[in-house]
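The values are calculated or read from the model by the stated rules, or taken from the named source; none is laboratory data. Quick caveat: nothing in here was measured; it's all calculated off a predicted structure. Here the Cβ positions follow ideal geometry from the backbone for every residue, glycine too, while neighbour counts run over all protein chains shown. The protein model used for the area step is the full one, side chains on, heavy atoms only, and it has no ligands, DNA or RNA in it. Shrake-Rupley method; radii C 1.70, N 1.55, O 1.52, S 1.80 Å.
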Amino acid sequence: MGGLLNIIYYVLMIFQFILLARVLMTWIPNLDYSNPIVRFLYNVTEPVLEPIRRLIPNQSGVDFSPLIVFLIIFVLLQVLFR
């Protein structure tokens, strides 16, 4: 069971870094969305962010879905690794 928990831990940590990279990309003006790295980051994170975006609408143009995902991952890590 310890090996499975280690895999889950590393997958969640890697996903957090990918999500952080996507959030930081929003600060780059004139970003080329046809870049393979940019497309990869969007393709990996969008299936997780899109359902949350439907549940929580934008507030004054601010997307809180990445923050919600970070909180969910934090709670998962706390529950799994106590």
Amide proton proximity set for Asp63, modelled H, under 5 Å, gap of 5+: none
Please give the net charge around Glu50, taking every other residue with its beta carbon less than 14 angstrom from that of Glu50, where Lys and Arg add +1 and Asp and Glu add -1. +1
Where Lys and Arg each count +1 and Asp and Glu each count -1, what net charge lies around Met25 among other residues with Cβ under 14 Å from its Cβ? -1
What is the list of residues in the range 52-82 whose amide nitrogen lies under 16 Å from a point 7 angstrom out from the Cα of Leu5, following Cα to Cβ? 75-82
If N is the residue count of the chain, its Cα Rg over 2.2 N^0.38 Å rounds to 1.23
What number comes out for accessible area per residue over the chain if the probe is 1.4 Å? Units Å², please. 74 Å²
Note down the nm distance, to one decimal, between modelled labels 7 Å out along Cα→Cβ at Leu12 and at Ile72. 1.3 nm
Spelling out what I want: for every residue of the range 14-22, take phi, set θ = phi - 60°, compute 6.51 cos²θ - 1.76 cosθ + 1.60 (Karplus), and round to whole Hz; glycine and proline get x. 5, 5, 4, 5, 5, 5, 4, 4, 5
Taking Cα atoms only, helix 36-55 is inclined relative to the longest principal axis of the chain by an angle, in degrees rounded to 10, of 80 degrees
